[in-house]
Structures are given as C-alpha cells and as structure tokens.
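Remarks on the structure that follows.
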Amino acid sequence: MKIFVCLKQVPDTETKIKIAADQRSIDTAGIKWVINPYDEFAVEEAVKMKEANPGAQVFAITVGPKARVADSLRTALAMGADEGILINSAENIDTFSTAKALAAAITQEGGAQIIFTGKVAIDDNSSAVSQMLAEFLKIPHVTVVSKFSKTADSQFTVERDVEGGSKEVIQINGPCVIAANKGLNMPRYASLPGIMKAKKKVLKELEASSLGVLATDQKVVLNSYTLPADKAPVKMLSGDASSQVTQLVQSLRDEAKVL
Amino acid sequence: MSTILVFVEHQKNQIKRSSVELLQAAQKSGLKTCAVLFGTGVENLANSAAQNGAQEVHTFKSADFDQYNPEMFLAAMSDLLEKIKPSIVLSSASSLGKDLFPRLAARFQSGVASDCTELKIENGKVTAKKPLYSGKCFAETSFENSPIQFVLMRANQLPVSAANPSATTSAIDHTINKPDLKTIIQNVVKGASEKLDLTEANVIVSGGRGLKEAGNFKLLNDLADVLGATVGASRAVVDAGWVSHGMQVGQTGKTVAPTLYIAVGLSGAIQHLAGMSGSKVIVAINNDPQAPIFQKATYGIVGDLFEVVPKLTEEFKKVLNK
Ligand SMILES: Cc1cc2nc3c(=O)[nH]c(=O)nc-3n(C[C@H](O)[C@H](O)[C@H](O)COP(=O)(O)OP(=O)(O)OC[C@H]3O[C@@H](n4cnc5c(N)ncnc54)[C@H](O)[C@@H]3O)c2cc1C
C-alpha cells in the first residue's frame, strides 16, 4: 500500500511578519519555519495507517524552494515517513500550480492508495490544494476530517466537521484524499532515534517545471502587501463594575453603534 | 455581457446573510447576475434572490441536493457552468464553499481566491483583499490565465442594503445524471447549537481559562442569549474538554469576523488573535490589566468576570428591552 502525505512549510505561529521590498512577498530573513500544524495531523495519520498495515509505505511530499523546505520533510521522515519527495519551485506559487505539481509527482511515483493532507495551510488560509489535487487525480476527497477508520479494503469511514458543531459521517472509497482537521489524532514528536534514522532515508528531488507545471498554471497572484492599519488605542472603562458595565453598553450603542 | 454567478446558501427557508452580501455585490458589478440554489423548496427563494440582485435564478431542487455531497454538487455545478459560462463565481467561504469551489476551479483550469475580506469588480476583473499569516498582513489578489474567477468571501465583510421588494423572477430548474458515487453521506450528527455558526455570527461571546470550569460557560450562554450571539472559546478550554472544538476561535480553530466580539477571561494569545482580529468592535473583560487582549480591544474592562458578566447581561437586557 502506498500512502502519500502532502505537507507545507509555513512560518511559525509566533513569527513576526515583515513585508519584503517588492511588496509581493514577505521578508523571509529570521523566520522560523515549521510544518503547517494541520499537516502534522496528516503525517501522524499516515504513519498510524502504515503501522496498522504491514508492508505499507509512507511518502511525504512537499512543494517549495528546496533550500528551505527540505527541513519539513526531514521532520516527517523522523516522525516515521519512509521516503521524502521534494518538488522544487519558486516561492509563492499558487494553489493550482501546487496541486498540479503534487498530482504529477504522485502519478509519476506510481500513484497512491490514499493521500493525507491538512485541511488548510495557516499562511494563506486557502483550503484549496487538497480538493484541487483530488480533481487532478480524478479521485474523491473529504475535507475537515476529525475521525478516520478503515472499514474494508480500500474503504474508509470518516467524520467531517461542518458548521454549528455538526458532523457528517461519510463512507469513501479509495483511492482518495483525506484533509485532516484538529482532533484527528495527537501528532507524535520526532524522537532522537527517529531523527537519526531520518538522515539515512531517501529524499528525492524533483523540479516543478519538469512535472509539467507551466507559467500559465499560476492563476492567482498576490500583490500590494500591506500591514494591518494601526488600531486606535483601547478605551478602558473606569469605576466599579456597575459603572464600567453601564459605560460599556452606552458606548456600544451610541459610539460604536453595534447594538 | 459577461455573467457573474452567485452560489446562494440558505437555512430555514431564508437566504443566508452571507449570500445576500454576495448577491448585492454581484449586482453592483454591472455584470449579468445569476444565482444558483440547491435543495427541496428553493424555488420559493427565487424572488428573494431577485430582490437582492439576481436577474436569473437557477435551481437544483431535487431532494438529492438537500445534503451536501461533493460529487453530486460538483457534477451539478460543472453542468451549470458549461451552460451559463460565467466569468466570475462568488461563494462564501463556508464549509461547503471551501470544499466545493477549489475542486470546481481546478476542473475549469481556473484559480480560486479564498478567504477574502474585500471585493472589487471592475470591468469584469476581480481584485480581492485577503489576510495572510493569520491577519499579520494583507494582500490584493487578482487572477491571470484563469477562464473563471472563483472568489470565496468571508461572511460579514460586505455591506447589505435594503432589498428591492418588487423584483420577482421564476427559477430555472436543472437536473443531473447521478454520477457513480464514491462518497456516501451516511449520517449527519447535528451539533447541539441552534445558533448561527461562529463563522457567520454577527456577535460572538468568547470565553477562556478565566472561567475556571466548564459549568461557568453558563454565564456566557446567558449573555449570548440576550445578544443573539454565538459562544466561542479559546484553545485552552477546548483542550481541557470544557467545550467542543467546533467552538474554538483562532489559528487552529475558526476564523471569525463579527461586528462585536466580547472576549471574557481569555488572555489574547497570538494564536487566538489570529482568528478574531478581523472583528469590528472587540470588548475585553479580564482581571489582568497586562493581558495582551487589551492591545487588540476597542473597549476594555479590568475586573472579575464573575462580577462583570452577570451585570453586563442585566444591562443589555434593560437596554435591549428583553
Ligand atoms: C500551534 C498553536 C496553535 C494554537 N491555536 C490556538 C487557537 O486556535 N486558539 C486559541 O485560543 N489558542 C491557540 N493556541 C493556544 C494559545 O497559545 C493559548 O495557550 C490559549 O489561547 C490560551 O487560552 P486562554 O486565553 O483561555 O488561557 P490563558 O492564557 O490562561 O488566559 C486566561 C485569562 O483569564 C484571565 N482571568 C482569570 N481569572 C479571571 C477572572 N476571574 N476574571 C477575569 N479574567 C480572568 C487571566 O488574566 C488570563 O488573561 C495555540 C497554540 C499553538 C502553539
């Protein structure tokens, strides 16, 4: 069984973001990079599945500038993935190009029985690559999955979280794409032996351009980066609790006009 | 003239506010505005769609579309796009919207701009504003090499004005050949809440570890009831098991943008702020004057939430005549 897990490297949640001089990207100097938190759930689920299915293999795959993103694959290998596939690309390629590159690489590697991804990358918050990848591979998908089990050979039952705390219980036939939500599992830490072993694992490099990704596959462009506008200072309400509360409600009604 | 298609979502026989926002924005674009609705009885919403700007209303009113199934909706939307050939498709960035449209975009060799907060349509070209890195910066997004421009908007971002009460239209219904399904929705477990989802709510009352224990969320529920608000939470209390993950606001929870966000007994960690800093007015109630949430707040009360919140509930009751 071939299990693929797609992951993206993103700035750590605490990182301060500075805009680059071109105003079309961020200044990457000094940024601490991590695996997108939702992709960690995907890696964990892939490794768990491999452990439950002897002979199965996990391929961790990512798209991005190779000098920086290799680290994220090493981490996935240390968590238990067997092989890494790095698709070298420019910074900031869009979701369409990314999905197209992933689909081509997975096909070239012989195809997947199942592909795990995170439901969203916290940098551009697009929630798009998993579904686009499924489309390019012509296989079904479920996103925002917080429960996953194998019910038969190539058949899975999953729970998808939707609005209002509701959950859809879905039966899906493989091969398929499963996009992980929080709650799916508890990602393991890479252990020291895991990290040592990871150094010896295969990390294959491919080029997005040789996978058939064209300049015209960039469909969405990002321009004119700006920082959030400076916020007016907070108005602290004074006095005892009763008077604070009266002032607050009055301000909400008469000043902010939100009641 | 080129066409703009709005994917209209509805609940309890009403078009959702988030979709009304999109219909009205589409109408202002000057393009031919079409709407599409799915599910039993949606023909009854055709006039409401027209009153908010739709010139043409398409429906898939078969009961097969009462529950979202990605393959069914994908087949239906693909057919419709082939028929009406829109140059722009708008949807809200709802669970359904985010699941369906990226895949549909890929099928039409097009891109999708997700999670946008501002929308400009000039001469048929979209420019949308989009937060990046959890709102730490913003970018303008636009399309190239994209036959259709797919845009997913966050709720509560666009203005809504009064509908035109005299507009009417009759729906054009469509059916599809049911594809051979590989995904089957076996069951839907309804969430406890009857309220609007956090992502659509206009008012949110959120609680954190300062509430001390799960039972004390009742204080927030009472406040929320008076305001017609939805209750949210910090990750600390979700991880503690006090409330469900569906209620978590933040980087690994929901991104929300209500008009009013009341943060109670939560510190305002950067990952929490990531999910709510787009709120228009933020009220912070915390007994620690140094809590970071005050730096993001519009109004702040330093005080004990157990004293402040019940008083606040009473005051709102009085002022709102409830
Ligand atoms: C990768 C990652 C992702 C994360 N994602 C999220 C996320 O999506 N959402 C999220 O919320 N967090 C997230 N976190 C966690 C975040 O860093 C904080 O730990 C969390 O938000 C803290 O929750 P809290 O504010 O409820 O608790 P605390 O930080 O403990 O704050 C409790 C607050 O209550 C106040 N308080 C106590 N008693 C009272 C009282 N009687 N009256 C008034 N005030 C009182 C205290 O002064 C304090 O400010 C994430 C962390 C990481 C590392």
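A few points about this structure:
- Evaluation of B:ALA162 against the conditions (1) touching a helix residue (DSSP H, G or I) at 6+ places or on another chain (Cβ under 7 Å); (2) more than 22 Å from B:SER279 (Cβ to Cβ) shows that the sole unmet condition is (1).
- Among the strands (runs of 3 or more DSSP E) confined to the stretch A:87-173, the ones with at least 3 residues that are out of contact with any Cys (no Cβ under 9 Å at 6 or more places or on another chain) are located at A:141-152, A:155-161, A:167-173.
- Checked against (1) buried (at least 16 other Cβ atoms within 10 Å of the Cβ); (2) more than 30 Å from A:PRO11 (Cβ to Cβ); (3) not aliphatic (A, V, I, L, M), B:GLY278 passes all but condition (2).
- Checking A:LEU102 against (1) within 8 Å of another protein chain (Cβ to nearest Cβ); (2) within 23 Å of A:VAL47 (Cβ to Cβ); (3) in contact with a helix residue (DSSP H, G or I) (Cβ under 7 Å, 6 or more places away or on another chain), the condition it does not meet: (1)
- For the criterion of being touching a strand residue (DSSP E or B) at 6+ places or on another chain (Cβ under 7 Å), at negative phi and either in a loop (DSSP other than H, G, I, E, B) or away from chain A (no Cβ under 13 Å) (or both), B:LEU158 passes.
- The stretch A:108-129, subset within 8 Å of chain B (Cβ to nearest Cβ) and among the hydroxyl-bearing types (Ser, Thr, Tyr), residue nearest to B:CYS116 (Cα to Cα): A:SER126
- Among the conditions (1) away from the ligand (no atom under 14 Å from the Cβ); (2) modelled with pLDDT of 95 or more; (3) within 13 Å of another protein chain (Cβ to nearest Cβ), the only one that B:GLU194 does not satisfy is (2).
- Unmet criterion (only one of (1) within 30 Å of B:PHE150 (Cβ to Cβ); (2) surrounded by 15 or more Cβ atoms within 10 Å (Cβ to Cβ); (3) in contact (Cβ under 8 Å) with a residue 40 or more places away in the chain) for A:GLY194: (1)
- Members of the stretch B:203-235 that are in contact (Cβ under 8 Å) with a residue 60 or more places away in the chain and closer than 19 Å to A:LEU252 by Cα: B:ILE204, B:SER206, B:LEU220, B:ASP222, B:LEU223, B:VAL226, B:LEU227
- Considering the conditions (1) closer than 18 Å to A:VAL43 by Cα; (2) aromatic (Phe, Trp, Tyr); (3) not in a loop (DSSP other than H, G, I, E, B), A:TYR225 is excluded by exactly one of them, (1).
- The stretch B:290-322 - residue that is of a type in the set (Lys, Arg) and within 16 Å of A:SER242 (Cβ to Cβ) and, of those, farthest from the other protein chains (Cβ to nearest Cβ): B:LYS317
- Condition check for A:GLN131: within 29 Å of A:LYS197 (Cβ to Cβ) and of a type in the set (S, T, N, Q): no
- Answer from A:ALA67, A:ALA76 - the residue that is touching a Gly at 6+ places or on another chain (Cβ under 9 Å) and hydrophobic (A, V, I, L, M, F, W, C): A:ALA76
- Considered as a group, the residues in the stretch A:1-32 that are over 20 Å from B:PRO131 (Cβ atoms) and hydrophobic (A, V, I, L, M, F, W, C) include one that is nearest to the ligand (Cβ to nearest atom), and that residue is A:LEU7.
- Look at the stretch A:51-73: where a residue is part of a loop (DSSP other than H, G, I, E, B) and a partner is among the aliphatic types (A, V, I, L, M), sitting 6+ places away or on another chain with Cβ atoms under 6 Å, you get A:ASN53/A:MET1; A:ALA56/A:MET1; A:ALA56/A:ILE3.
- When each of B:PHE150, B:PHE143 is tested for being in contact (Cβ under 8 Å) with a residue 40 or more places away in the chain and either buried (at least 16 other Cβ atoms within 10 Å of the Cβ) or facing chain A (nearest Cβ under 7 Å) (or both), the lone residue that passes is B:PHE150.
- Qualifying residue in the stretch B:176-190 (condition: surrounded by 22 or more Cβ atoms within 10 Å (Cβ to Cβ), within 14 Å of chain A (Cβ to nearest Cβ) and β-branched (Val, Ile, Thr)): no
- Just one of (1) under 23 Å from A:ILE122 (Cα atoms); (2) at pLDDT 95 or above; (3) surrounded by fewer than 14 Cβ atoms within 10 Å (Cβ to Cβ) fails for A:SER243. It is (1).
- Residue match in the stretch B:117-137 (condition: assigned to a loop (DSSP other than H, G, I, E, B), facing chain A (nearest Cβ under 10 Å) and touching an Asp or Glu at 6+ places or on another chain (Cβ under 9 Å)): yes
- Cross-chain or 6+ apart pairs with Cβ under 9 Å, the stretch B:1-13 first and without any contact (Cβ under 8 Å) to a residue 40 or more places away in the chain, then part of a strand (DSSP E or B): B:MET1/B:LYS32; B:HIS10/B:LEU37; B:HIS10/B:PHE38
- Residues of the stretch B:27-52 satisfying the condition of being in a helix (DSSP H, G or I) and surrounded by 19 or more Cβ atoms within 10 Å (Cβ to Cβ): B:VAL42, B:LEU45, B:ALA46, B:ASN47, B:SER48, B:ALA49, B:ALA50, B:GLN51
- Only residues that are polar (S, T, N, Q), within 8 Å of another protein chain (Cβ to nearest Cβ) and more than 6 Å from the ligand (Cβ to nearest atom) were counted in the stretch B:235-289, giving 4.
To keep it simple, each residue is scored yes or no on (1) assigned to a helix (DSSP H, G or I); (2) surrounded by 24 or more Cβ atoms within 10 Å (Cβ to Cβ).
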| residue | (1), (2) |
| --- | --- |
| B:GLY268 | no, no |
| B:GLN290 | no, no |
| B:ILE301 | no, yes |
| B:VAL309 | yes, yes |
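- Test: residue in the stretch A:212-222 that is within 14 Å of another protein chain (Cβ to nearest Cβ), assigned to a helix (DSSP H, G or I) and touching a residue at least 60 places away in the same chain (Cβ under 8 Å): yes
- Criterion applied to B:SER277, B:SER267 was being within 23 Å of the chain's Cα centre (by Cα), not assigned by TED's automatic domain parsing to the domain that holds B:CYS116 and not acidic (Asp, Glu), and the one residue passing it is B:SER277.
The values are calculated or read from the model by the stated rules, or taken from the named source; none is laboratory data. Please read these numbers as outputs of a predicted model, since none were measured by experiment. All Cβ positions, even for glycine, are placed from backbone atoms using ideal geometry, and neighbour counts span all protein chains on display.
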